[in-house]
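Worksheet: the structure to be examined is printed underneath.
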Amino acid sequence: MKKTILSALLMLTAIISQAQYKVNFTEKFKKENQGKHKIEINEVKELIHIMIAITRSGLENDDMVEQKGKYYQDVIAHFKPYENEKIIKTFDSLIVASPFHYIFLTGNGISYDFKGNKMIKNKIFEFPATTTSKLKITENPITAYKKEIEEFARKSKFREFYKKHKPFYSNIISAYERSANVGKQWQWLEKNFKITQNSYAIFCSPLINGLNYTGDFVNNNFKLIYMVLPPLDYNENLSQRENELLNARVMFTEIDHNYVKAPSLAQTDAINHYFKDRKRWVNEKVEGVFAYPNPLKVFDEYMTFGVFLLYCEDSYENKDFIAAKESVISVMEQRGFIKMREFTEKLLKVRSENRDKKVDDWYHEFLKQFGN
């Protein structure tokens with residue numbers, strides 16, 4: 001079951017940006033968020049993550065649910081006694097029927113806010129997760145199970161748990177503000193690509209592990225890039241700069257999907273031509289590669305990591321850039337993207353010859369390198 005769920009969720013990371021949604025960006029919201037970013041551990045969304053964590057599927061899958069650390073231990077100690085509640089069984093049955101329901105449940109958590117023991121509809125995010133390429137829902141599941149979720153929250157004293165852990169959540173948010181360099185990455189991307197965004201939002205949970213994804217909400221002439229990410233990682237065996245680069249890679253390679261997408265679509269014919277020999281570009285025996293079923297998706301995964309290296313080249317000392325390059329090549333090869341070194345060298349070469357141009361402007365020239 002673990003591998004089945006993980007494989008399906010890996011696919012979600014490749015397709016979530018195609019999701020349809022219902023949002024309402026009011027003039028007030030636009031004014032308050034223009035040019036800004038926020039990091040949030042949303043209360044209702046965190047409740048849904050906790051409820052999934054105590055389902056049988058969640059308990060059996062440490063890729064879907066982060067099971068390391070004191071917070072997870074606190075969650076299990078507090079909430080596992082309620083694992084036989086009917087709503088928990090319902091959530092488990094939904095995920096077993098289709099792991100895509102993990103997205104529909106957690107993704108729609110932001111559509112409600114607590115007011116006392118009741119949940120009230122959020123006026124901005126009305127129905128933010130409705131469709132993936134494999135499944136479409138017509139009713140917000142948080143709305144469908146609102147009474148049961150409220151009852152679970154009341155019975156389990158969730159709001160007391162959430163309030164008790166607010167200092168922990170605040171530390172996670174502070175770490176993002178201090179170390180993630182969201183503004184720096186945003187500024188670099190808009191300097192180097194033609195597309196611009198109005199705002200960024202990171203929806204975080206300490207219970208997120210392997211499922212990181214990004215997408216955008218567009219409404220009322222306003223575009224918000226959202227990312228669903230775990231807390232920043234810190235490895236005691238790495239230096240401060242190495243940890244910074246590791247966390248930057250995780251975030252940047254989600255963000256830049258939203259910038260790479262447009263020029264890639266404009267060059268779909270060329271990508272289909274140069275990347276048609278799938279076995280040349282991916283090791284199909286590696287788990288998760290199936291989530292990139294066509295030349296465009298394969299190329300975009302190469303390109304998002306490649307653009308991260310362009311950012312590193314501009315933003316760090318040469319020794320740090322070289323270390324980041326070798327790390328990215330190694331990670332990508334392990335994931336089945338076996339030509340990352342060749343891709344990187346061609347990318348760096350073309351970029352060095354076009355430093356005064358936007359990436360969009362030399363996309364076609366870059367693609368022609370693969371005809372050689």
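Examine the stretch 56-78 for a residue that is closer than 21 Å to Asn212 by Cβ and assigned to a strand (DSSP E or B), and state whether such a residue exists.
Checked the stretch 56-78: no residue is closer than 21 Å to Asn212 by Cβ and assigned to a strand (DSSP E or B).
Take the stretch 276-288 and flag every residue that is within 23 Å of Asn212 (Cα to Cα) and surrounded by fewer than 20 Cβ atoms within 10 Å (Cβ to Cβ).
Asn283, Glu284, Lys285, Val286, Glu287, Gly288
Looking only at residues that are of a type in the set (A, V, I, L, M) and in contact with a strand residue (DSSP E or B) (Cβ under 9 Å, 6 or more places away or on another chain) in the stretch 130-174, which one is farthest from Lys38 (Cα to Cα)?
My answer is Ile137.
Counting only residues that are surrounded by fewer than 17 Cβ atoms within 10 Å (Cβ to Cβ), give me the strands (runs of 3 or more DSSP E) lying completely in the stretch 97-158 with at least 2 of them.
Where strands (runs of 3 or more DSSP E) fall fully within the stretch 97-158 and carry at least 2 residues being surrounded by fewer than 17 Cβ atoms within 10 Å (Cβ to Cβ), they are 112-115, 118-121.
Restricting attention to the stretch 181-228, report how many residues are aliphatic (A, V, I, L, M), surrounded by 17 or more Cβ atoms within 10 Å (Cβ to Cβ) and farther than 17 Å from Val307 by Cα.
9
Filter the stretch 135-161 down to the residues that are in contact (Cβ under 8 Å) with a residue 12 or more places away in the chain and either outside the structural domain of Asp113 (by TED's automatic domain parsing) or closer than 14 Å to Leu94 by Cβ (or both) and list them by number.
Selection gives Leu135, Ile137, Asn140, Pro141, Ile142, Tyr145, Glu148, Ile149.
Give the stretch 319-336 a look and list any residue that's out of contact with any helix residue (DSSP H, G or I) (no Cβ under 6 Å at 6 or more places or on another chain) and buried (at least 19 other Cβ atoms within 10 Å of the Cβ), or say none.
If the condition is that a residue be out of contact with any helix residue (DSSP H, G or I) (no Cβ under 6 Å at 6 or more places or on another chain) and buried (at least 19 other Cβ atoms within 10 Å of the Cβ), then Arg335 is the only one that fits.
Could you list, in sequence order, the residues of the stretch 324-345 that are over 21 Å from the mean Cα position of the chain (by Cα) and either closer than 13 Å to Thr253 by Cβ or among the β-branched types (Val, Ile, Thr) (or both)?
Passing the criteria: Ile338, Met340, Thr344.
Every residue, every condition in (1) in contact with an Asp or Glu (Cβ under 8 Å, 6 or more places away or on another chain); (2) without any contact (Cβ under 8 Å) to a residue 12 or more places away in the chain, yes or no:
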position	(1), (2)
Phe203	yes, no
Asn209	yes, no
Thr214	yes, no
Val228	no, no
Thr253	no, no
Val289	no, no
Pro293	no, yes
Tyr302	no, no
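For Pro231, only one of the following conditions fails: (1) crowded, with 22+ Cβ neighbours inside 10 Å; (2) in contact with a helix residue (DSSP H, G or I) (Cβ under 8 Å, 6 or more places away or on another chain); (3) not in a loop (DSSP other than H, G, I, E, B). What is its number?
Result: Pro231 passes all but (3).
For the stretch 257-275, state whether one or more residues are in contact with a strand residue (DSSP E or B) (Cβ under 7 Å, 6 or more places away or on another chain) and either surrounded by fewer than 22 Cβ atoms within 10 Å (Cβ to Cβ) or within 27 Å of Thr131 (Cα to Cα) (or both). Outline the logic, then answer.
Restricting attention to the stretch 257-275, the residues satisfying the condition of being in contact with a strand residue (DSSP E or B) (Cβ under 7 Å, 6 or more places away or on another chain) are 257-258.
Subset that is either surrounded by fewer than 22 Cβ atoms within 10 Å (Cβ to Cβ) or within 27 Å of Thr131 (Cα to Cα) (or both): 257-258.
Checked against the condition, which is being in contact with a strand residue (DSSP E or B) (Cβ under 7 Å, 6 or more places away or on another chain) and either surrounded by fewer than 22 Cβ atoms within 10 Å (Cβ to Cβ) or within 27 Å of Thr131 (Cα to Cα) (or both), the stretch 257-275 yields at least one hit.
The values are calculated or read from the model by the stated rules, or taken from the named source; none is laboratory data. Just so it is clear, the model here is predicted, and its values are computed rather than measured. Quick reminder, even Gly has a Cβ in these numbers, built from the backbone with ideal geometry, and neighbours come from all protein chains shown.
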